[in-house]
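Structure record follows, encoded as structure tokens.
The values are calculated or read from the model by the stated rules, or taken from the named source; none is laboratory data. A quick note: this is a predicted structure, and the numbers were derived from the prediction, not measured. A quick note on method: Cβ atoms are made from the backbone with ideal geometry, for glycine too, and the neighbour counts reach across all protein chains shown.
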Amino acid sequence: MDKEKFVIIDGNSLANRAFYAIPLLSNKQGVITNAAYGFTNMLMKIFNDEKPDYLAVAFDKGRSVFRHTIFKDYKAQRKGMPDELRPQMKIIKDILEAMNIPIFEEEGYEADDLIGSMVKWGEKQGWENLIVTGDRDALQLVSKQTRVLFTKKGISELEVYDIETIKEKYNLTPAQIVDLKGLMGDASDNIPGVPGVGEKTALKLLSEYDSIENILENLDDFQGKKLGERLRDNKDMAILSKNLATIFCCVEMELDADTLRVKKPDYEKLSSLYEELEFRNLLKNLIQEEKPLTCNLNSTGLIISHPKDLKEVLEKENIKELTIYFKYDSNDAQKGRIISLAIMVNKQSFYIPQVYDFHLYAKILKPYLEDDRIPIVTYDAKLLYVFLGREKVNIKGMKW
């Protein structure tokens, strides 16, 4: 029996990757959406490719208290989050919330520390863990149960790292990744390392001595060498740098399988977000999922089971905008038929789970769809034109 799979996503890393990979996009209200769009597409790719049983997204919250305590210049050179990205973080979290994906943030800890703590917890459950990130620091967490899915160029190119991959690329074990960072430093995090020691030298040292501590215990091997002088003069800095690079895996977190288990999204909330953000392809895919769009009966949604009920609803409303989502049973528009409908009238949602005779619903919708004063919104206008054209309905107010 296959192990259950726990996917842990580095939210900040993926948001940054998406922001810089996709040119600035905005909806008609001027809200910038490129990072949110790219993030969501990456998330859907992970869903489709990995099919996780459990899922969590970790974000930074504030700065790392204990790292700044031991080294006040940690990440000191980092520029702040771009102004165009900052407001998109809330959008991303709103999308995750609508997807019923748990978000984890802890004041004083980086996302890495939360990820490390979740990995150790997941390993205790006997799960297979998959970390999704663009941060190579996560390679130190790789084990027999844990792999890293590393984001490369753009938002679709991903590379899997396991124990064998790290051995092939670096001739190191996962545990030695922090020793590598301790020796060569990391400019992106302002981790100093040992001056004059680059990746090539650091890898050679670790292949011979295994760890920073063992290197420092054998400094006599470097007598008369410039490298030995550098190591002697920077012993404390090497150890400090290793500690800065080490992920803290003991953050107290409330974790349980039920919270982390993958759940169905709140279709109404998510479709509303996609519509507002103008994520048309994502909206189309959402509607075409195996389970049709449903409305939350405890909120504003209402199920309609008969054409006359729709007629009554439309006659009561002063319609300012009409949104139509639909599910059909064939990719051939000429032969297919609409089997379910979701209609939003002035932000009020109505769901028709079973459309037995689309002709009856098209007849009721016809005067509204042919009124050019009423804006019509949908996710696949061309296909809707085909279906309605067969019913002699000519849409006049389509918003493109």
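Of all residues in region 365-379, how many are more than 20 Å from Glu315 (Cβ to Cβ) and touching a Phe, Trp or Tyr at 6+ places or on another chain (Cβ under 8 Å)?
2
Given (1) touching a Phe, Trp or Tyr at 6+ places or on another chain (Cβ under 7 Å); (2) under 29 Å from Ala187 (Cβ atoms); (3) surrounded by fewer than 20 Cβ atoms within 10 Å (Cβ to Cβ), identify the lone condition not met by Gly116.
With respect to (1) touching a Phe, Trp or Tyr at 6+ places or on another chain (Cβ under 7 Å); (2) under 29 Å from Ala187 (Cβ atoms); (3) surrounded by fewer than 20 Cβ atoms within 10 Å (Cβ to Cβ), Gly116 is out only on (3).
Do we have Asp10 as crowded, with 20+ Cβ neighbours inside 10 Å and either within 14 Å of the chain's Cα centre (by Cα) or among the aliphatic types (A, V, I, L, M) (or both) here?
Yes.
Residues are listed down the side, and each one gets a yes or a no for (1) loosely packed, with under 13 Cβ neighbours inside 10 Å; (2) among the β-branched types (Val, Ile, Thr); (3) closer than 22 Å to Ala76 by Cα:
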{"residue": "Ala187", "(1), (2), (3)": "yes, no, yes"}
{"residue": "Ile191", "(1), (2), (3)": "no, yes, yes"}
{"residue": "Pro195", "(1), (2), (3)": "yes, no, yes"}
{"residue": "Tyr209", "(1), (2), (3)": "no, no, no"}
{"residue": "Phe222", "(1), (2), (3)": "no, no, no"}
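Need the failing condition index for Ile319 against (1) at pLDDT below 85; (2) surrounded by 13 or more Cβ atoms within 10 Å (Cβ to Cβ), just the number.
Against the list (1) at pLDDT below 85; (2) surrounded by 13 or more Cβ atoms within 10 Å (Cβ to Cβ), Ile319 comes up short only on (1).
Does region 120-132 contain any residue that is more than 15 Å from Leu260 (Cα to Cα), β-branched (Val, Ile, Thr) and surrounded by fewer than 23 Cβ atoms within 10 Å (Cβ to Cβ)?
There is no residue in region 120-132 that is more than 15 Å from Leu260 (Cα to Cα), β-branched (Val, Ile, Thr) and surrounded by fewer than 23 Cβ atoms within 10 Å (Cβ to Cβ).
For region 47-69, give me each residue that is part of a loop (DSSP other than H, G, I, E, B), crowded, with 21+ Cβ neighbours inside 10 Å and in contact (Cβ under 8 Å) with a residue 60 or more places away in the chain.
Matches in region 47-69: Pro52 only.
Kindly provide the set of residues from region 152-190 that are among the hydrophobic types (A, V, I, L, M, F, W, C), assigned to a loop (DSSP other than H, G, I, E, B) and at pLDDT 95 or above, ordered by number.
The answer is Leu172, and nothing else.
In the set Lys284, Lys311, Lys291, which member is assigned to a helix (DSSP H, G or I), charged (D, E, K, R) and modelled with pLDDT under 75? Write out each step before concluding.
Working: Lys311 fails: modelled with pLDDT under 75; Lys291 fails: assigned to a helix (DSSP H, G or I).
Just one listed residue meets the conditions, Lys284.
For Gly30, all conditions in the list (1) of a type in the set (Gly, Ala, Ser); (2) in contact with a Phe, Trp or Tyr (Cβ under 9 Å, 6 or more places away or on another chain); (3) not in a helix (DSSP H, G or I) hold save one; what is the number of the exception?
Failing condition for Gly30: (2).
Keeping to region 272-281, report how many residues are under 17 Å from the mean Cα position of the chain (by Cα) and either assigned by the TED database to the domain that holds Lys93 or not in a loop (DSSP other than H, G, I, E, B) (or both).
Number of matching residues: 4.
Do we find that Lys72 is in the same structural domain as Lys124 (by the TED database), within 12 Å of Val132 (Cα to Cα) and surrounded by fewer than 16 Cβ atoms within 10 Å (Cβ to Cβ) in this structure?
No, not satisfied.
Among the numbered criteria (1) under 15 Å from Asn12 (Cβ atoms); (2) surrounded by fewer than 16 Cβ atoms within 10 Å (Cβ to Cβ); (3) modelled with pLDDT of 95 or more; (4) of a type outside the set (Gly, Ala, Ser), which single criterion is violated by Glu84?
(1)
How about region 126-169: which of its residues are of a type in the set (Lys, Arg) and in contact (Cβ under 8 Å) with a residue 60 or more places away in the chain?
Keep residues of region 126-169 that are of a type in the set (Lys, Arg), which gives 136, 144, 147, 152-153, 167, 169.
Lys153 - this is the single residue of region 126-169 that is of a type in the set (Lys, Arg) and in contact (Cβ under 8 Å) with a residue 60 or more places away in the chain.
If we scan region 151-167, do we find a residue that is surrounded by 19 or more Cβ atoms within 10 Å (Cβ to Cβ), among the polar types (S, T, N, Q), over 26 Å from Phe71 (Cβ atoms) and out of contact with any Ser or Thr (no Cβ under 8 Å at 6 or more places or on another chain)?
no
Quick check on Ile95: is it closer than 18 Å to Val262 by Cβ, in contact with a Pro (Cβ under 8 Å, 6 or more places away or on another chain) and in the same structural domain as Ser143 (by the TED database)?
Considered against the rule, which asks whether it is closer than 18 Å to Val262 by Cβ, in contact with a Pro (Cβ under 8 Å, 6 or more places away or on another chain) and in the same structural domain as Ser143 (by the TED database), Ile95 comes out as no.
How many residues are without any contact (Cβ under 8 Å) to a residue 24 or more places away in the chain and hydroxyl-bearing (Ser, Thr, Tyr) when one looks only at region 70-109?
0
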